[in-house]
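Have a look at the structure below before the remarks.
The values are calculated or read from the model by the stated rules, or taken from the named source; none is laboratory data. Note that this is a predicted model, so its numbers are computed, not measured. Positions of Cβ are generated from backbone atoms using ideal geometry, with glycine treated the same way; all protein chains shown enter the neighbour counts. Each accessible area value is taken on the protein alone, full model and side chains, heavy atoms only, with ligands, DNA and RNA left out. Shrake-Rupley method; radii C 1.70, N 1.55, O 1.52, S 1.80 Å.
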Amino acid sequence: MQQLLLLLLQHIANQFPYLSLVAEDCGQLETQEDTYPVTFPCVLIGNSDTDWRDLDEGCDSQQGTATITVRLAIDCYDDVHVGSTQEASIAERLQMAQDIHRAIQGMEFEECENVWPLSRIKSRDYTLPGNIKVYESIYRFTVME
């Protein structure tokens, strides 16, 4: 699983050089501080969860259905109400989230032969204090061990 995380982080960093940070999600957005320990825009990947089942009676091999969360966080200091002349920033943020999704959806890892393609199963957006907008997607994939 760690190889998949590293490959996914590298893929996102290579595809989107304008991102200020691409990192493992270690709760950087859940800080109690006045400022976030990240720069924006950033992508944080983590919070994996896997349900395993045995493939044989000896329990030597297992198949897992796993999920991983990808969060795009953007600072929204622009005044984005209609009539502010900054409405384009709304469309830009939505496009960035869509572009990142397209780079991940169906992604296969040649280096991880025991991992099946990623498929988005849930997405949402929300705001955090300090005008931070987060676009979160959860991807499902199958893994064998």
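At negative phi, buried (at least 16 other Cβ atoms within 10 Å of the Cβ) and either over 12 Å from the mean Cα position of the chain (by Cα) or of a type in the set (Phe, Trp, Tyr) (or both), is that true of residue 132?
When the stated conditions are applied, residue 132 passes them.
Would you tally the residues in the range 33-57 being open to solvent by 30 Å² or more (accessible area, probe 1.4 Å) and either polar (S, T, N, Q) or touching an Asp or Glu at 6+ places or on another chain (Cβ under 6 Å) (or both)?
Qualifying residue count for the region: 6.
Is one or more of the residues making up the range 68-83 closer than 21 Å to residue 145 by Cβ, in contact (Cβ under 8 Å) with a residue 12 or more places away in the chain, in contact with a Phe, Trp or Tyr (Cβ under 7 Å, 6 or more places away or on another chain) and crowded, with 17+ Cβ neighbours inside 10 Å?
yes
Give the residues of the range 3-32 that are open to solvent by 30 Å² or more (accessible area, probe 1.4 Å) and part of a strand (DSSP E or B), sorted by residue number.
Result: 21, 22, 24.
Exactly one condition in (1) in a strand (DSSP E or B); (2) under 14 Å from residue 130 (Cα atoms) is not met by residue 37; state its number.
Evaluating residue 37 over (1) in a strand (DSSP E or B); (2) under 14 Å from residue 130 (Cα atoms) leaves (1) as the failure.
Of everything in the range 21-50, what is without any contact (Cβ under 8 Å) to a residue 40 or more places away in the chain and under 17 Å from residue 103 (Cβ atoms)? Give them in sequence order.
Listed by number, the residues that qualify are 21, 22, 23, 42, 44.
Is the range 119-129 home to any residue that is modelled with pLDDT of 80 or more, more than 20 Å from residue 17 (Cβ to Cβ), over 19 Å from the mean Cα position of the chain (by Cα) and part of a helix (DSSP H, G or I)?
No, the range 119-129 contains no residue that is modelled with pLDDT of 80 or more, more than 20 Å from residue 17 (Cβ to Cβ), over 19 Å from the mean Cα position of the chain (by Cα) and part of a helix (DSSP H, G or I).
When you look at residue 60, is it within 22 Å of residue 115 (Cα to Cα), without any contact (Cβ under 8 Å) to a residue 60 or more places away in the chain, open to solvent by less than 80 Å² (accessible area, probe 1.4 Å) and in a loop (DSSP other than H, G, I, E, B), yes or no?
Taking the combined requirement at face value, the residue does not satisfy it.
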